[in-house]
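Peer 1: Encoded as structure tokens, here's the structure I'll be asking about.
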Amino acid sequence: MAQNSSFKSPGRLDPLQGGASGKSPASYDGGKLRDESLKGIDFERRNFLGKAVGGVGAVVAAGVLYPVVKYIIPPAEKEVKEKDEIVVGKASEVPPDSGKIFQFNKDKVIVVNNGGTLSAVSAVCTHLGCLVQWKADEDLIFCACHSARYESNGKIISGPQPLPLEPYAVRVDGDDLVISKA
């Protein structure tokens, strides 16, 4: 027994059923006319959202990459004008038969008070760049890295070092200890 029904299929299914044109009364043409005020502007939601997400992504990427790049690339060194003569401390900081290391520009200098006579030489061993020390009991400058030995004026006594220590001039001005390039 067949029933007659008043059911009407939606218009969008007509092409599938071999029916009419496929246009329903509620459908609209995708290329609808725009307002006259927006005539030259291509402004659709999809384009706007794509550009907005792209912009946010670019900001996030820049926020992540900036610290990484700053970490990888070292900062430029400020050019510091080296001085020829510097007050490094007080003469009382180096009592007789002792030695002390001071900073002179970018170098380290050891000042030795050997029985009241002051001398200053580079505190960096010429073998491997270790810091030297004054050994008052042996009356010499000693590098503990490979047993390099120097006189108080920087000349080589023994050891594997290829060159003597670089000499510096030292003087006492009042109570100030002044080091200058020799």
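Peer 1: Please give the contour-minus-distance gain from K81 to D175: 0.36 nm per residue of separation, less the Cα-Cα distance, rounded to one decimal in nm.
Peer 2: 31.3 nm
Peer 1: Name the residue from N113, L131, G174 whose Cα lies farthest towards the positive end of the charge dipole of region 85-181, charges +1 on Cβ of Lys and Arg and -1 on Cβ of Asp and Glu.
Peer 2: Result: L131.
Peer 1: Taking H placed 1.01 Å from N in the peptide plane, check which residues at least 5 places from G89 or on another chain put their amide H under 5 Å from its amide H.
Peer 2: L177
Peer 1: Same structure again: How big is the dipole moment of region 85-181 about its Cα centre under a simple scheme where the beta carbon of each Lys and Arg is +1, that of each Asp and Glu is -1, and everything else is neutral? Debye, nearest 20, please.
Peer 2: 300
Peer 1: For S98, what charge total do you get from the other residues with a beta carbon under 13 Å from its beta carbon, if Lys and Arg give +1 and Asp and Glu give -1?
Peer 2: -2
Peer 1: Taking 37 °C and 0.692 mPa s as the conditions, I'd like the Stokes-Einstein D for region 118-158 in µm²/s, using the Kirkwood hydrodynamic radius from alpha carbon pairs.
Peer 2: Diffusion coefficient, whole number: 328 µm²/s.
Peer 1: Quick check: net charge around D139, other residues with Cβ under 12 Å of its Cβ, Lys/Arg +1 and Asp/Glu -1?
Peer 2: Surrounding charge for D139 is -2.
Peer 1: Please report the net charge: other residues with Cβ closer than 15 Å to the Cβ of V112, K and R +1, D and E -1.
Peer 2: Once positives and negatives cancel, what remains is -1.
No value in this document is a laboratory result; all are computed from the given coordinates. Quick caveat, the model's predicted, so the values are computed rather than measured. Positions of Cβ are generated from backbone atoms using ideal geometry, with glycine treated the same way; all protein chains shown enter the neighbour counts.
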